[in-house]
Amino acid sequence: MLILFDLFSIAFCLSLVLTPIVRDLARKRGWLDRPDRERKLHAQPVPRLGGVAIAISYVLACGFVLVAPYRSVPFDLPTVLPKALALLPAAGLVFLVGLLDDFLNLKAWQKLTGQVVAAVLAYQAGFGVFSLQGIEFAPWLSLLVTVAWLVGCSNAFNLIDGLDGLAAGVGLFATLTTLVAALTQGNLELALVTVPLAGSLVGFLRYNFNPASIFLGDSGSLLVGFLLGCYGAVWSQKAATILGMTAPLMAMAIPLLDTALSIVRRFLRHQPIFGADNRHIHHRLLAQGFTPRRAALVLYAMCGIAAGLSLLETVLHNQFSGLIVILFCAAAWIGVQHLGYAEFGIAGRLLFQGTLRRIVDVQFRLREFEQAFRAAPAWEQAWQVLRQGARSFGFQGVRIRVLGKTLEDRDPALDSQPSWQLRVPLPDRQYVNFYCDMQTALHPVVLGSFGQTVERVLTARLAEFQQQQEEQHTMSAVVAEVAPASDTVQAAGRG
């Protein structure tokens, strides 16, 4: 295993030397990540191009194998090296996308496009999910799963890179876990491409741990996440069952969990999925009083537990895989509960206490009311729909002033007890008042939507009702004029 030790040592030494060089160059050129007191909590501007040092260290360490005079190794280098080198175009594209984002602040769709193209290149190079339990995936399904996995891993590490040493440390745990799994499975080819990344990250953490003098930047976080996603895909190819494929997921549990929580949180709050906020896992730990150093160490410990469970699942050869996955999910659920995400508590109450069903029922009845209100052919029918709708939603009375007329439908009991009214203004000083006694509790959705629905429909249909009324008046006038003329004709006939 001398070659693995050499690769680790070379990558470590290169990263240890190159990182301060890149840091000092970034400082001179002003390539800095400046604090904003919201999401970026560091005290002063910090260089953000750590990914450059990691990428160079990784590539040079891998290139060493091409020229090193190794005579006896436990695997066929001429076979392994082309496969490892085939990943370089995809990894290089991800690194370039991240580097451009560090300098130009790319839009979300631009970054996503580059990541998808890189994932397709990695799939073509053989770093994909091709089968499950001996069943070959259809090419299109395999490609979709691979792209989703690699893009997800890349963005997971990018999102978690918000604390000194966090993304690099979590990446190191995941890399070492993958390396141990590769050695356990006898997959020395995977170990060969994994160990230089571990050395690069260890050397980089010397300068990245709190207080950090340099950050990974998008070039580093996207590259580390993408490489680990590719290694996880190779790891999963050795899995015999679906549960066996969860081991790579557990190895990268913290960044993937943080990404999943971010997507669900933003969806529940109707916020942009690809937006930024300060409610990631590390932000929640800081909000609970943890220092940046302690928060990073706590997440390191969580990564260690997840890594241990993933390796245990691999070693046991699926004998207790189901139990391990259940324990992992239970631990993750307990951890999320302690982070204090109010969004999930509110969503849980809506779902399990019947609130969501009541909201759906009210919205459905509001929709039926609006459809009936719009379909009323004349004002008399619209008034009947309005009266019945007000009663069905809990109001005890309605008074309307439109088209020069005042109509009212009111429960006499309202005159003998305190009441309140919901007033809906209409054009030309017209209005609709809905009355309700103080003891009746109306659903909040009714209070917010019923009046808006009435205002919207009546405003749109008042001109139509006005025209109908004018036509009726005209017709009545014509009938009134015709009637005397008919009487005169009849009288002349009798004469």
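Each reported figure results from applying straightforward, stated rules to the coordinates on display, with no laboratory input. None of these values were measured; they are calculated from a predicted model. Glycine gets a Cβ as well: all are built from the backbone with ideal geometry, and neighbour counts include every protein chain shown.
Here are the numbers:
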{"read-out": "Computed [θ] at 222 nm, deg cm²/dmol, the chain (DSSP H ≥ 4; -39,500 (n - 2.57); rounded to nearest 500)", "value": "-23500 deg cm²/dmol"}
{"read-out": "Computed lengthening from residue 428 to residue 368, 0.36 nm per intervening residue step minus Cα-Cα distance", "value": "18.8 nm"}
{"read-out": "Burial ordering of 359, 273, fewest other beta-carbon atoms within 10 Å first", "value": "273, 359"}
{"read-out": "Per-residue HN-Hα couplings for segment 259-275 [Karplus 6.51, -1.76, 1.60; θ = phi - 60°; Hz; x = Gly/Pro]", "value": "5, 4, 4, 4, 5, 5, 4, 5, 5, 5, 9, 6, 10, x, 4, 8, x"}
{"read-out": "Options 141, 444, 323, ranked by Cα towards positive dipole end of the chain, top entry (Cβ charges)", "value": "323"}
{"read-out": "Amide N of segment 97-120 lying under 12 Å from the label point, which is placed 7 angstrom from the Cα of residue 32 along Cα→Cβ", "value": "none"}
{"read-out": "Added length on full extension, which subtracts the Cα-Cα distance from 0.36 nm per residue, residue 460 to residue 148", "value": "107.7 nm"}
{"read-out": "Vicinal HN-Hα couplings computed from phi for segment 388-404 (Karplus, 6.51 cos²θ - 1.76 cosθ + 1.60; Hz; Gly/Pro x)", "value": "5, x, 4, 5, 5, 9, x, 7, 9, x, 9, 10, 10, 10, 9, 6, x"}
{"read-out": "Difference of contour (0.36 nm per residue) and Cα-Cα distance, residue 25 to residue 293", "value": "93.8 nm"}
{"read-out": "Separation of the residue 96 and residue 301 label points, Cα + 7 Å toward Cβ, nm", "value": "4.4"}
{"read-out": "Close Lys-Lys pairs in the chain, where close means Cα under 26 Å and separation is 8 or more or interchain", "value": "5"}
{"read-out": "For residue 163, residues with placed amide H under 5 Å, excluding near neighbours", "value": "none"}
{"read-out": "Label-point gap, in nm, between residue 380 and residue 9 - each point 7 angstrom along Cα→Cβ", "value": "10.1"}
{"read-out": "5 angstrom amide H check on residue 431, placed H, neighbours 5+ away", "value": "401, 426"}
{"read-out": "Label assignment, Kirkwood radius over Cα pairs in Å derived from the structure, set (1) 27.6; (2) 25.3; (3) 24.0", "value": "(1)"}
{"read-out": "FRET efficiency estimate (nearest 0.05) - Cβ-Cβ, residue 312 to residue 361, R0 45 angstrom", "value": "0.40"}
{"read-out": "Cβ charges +1 (Lys, Arg) and -1 (Asp, Glu), total dipole of the chain, debye", "value": "980"}
{"read-out": "Rough spin-label spacing in nm, given labels placed 7 Å along Cα→Cβ, for residue 113 and residue 388", "value": "5.4"}
{"read-out": "Cut-off 14 Å, label 7 Å out along Cα→Cβ of residue 401, residues of segment 409-447 by amide N", "value": "423-434"}
{"read-out": "Cβ crowding within 10 Å averaged over residues, with 190-200, 223-233 ranked highest first", "value": "223-233, 190-200"}
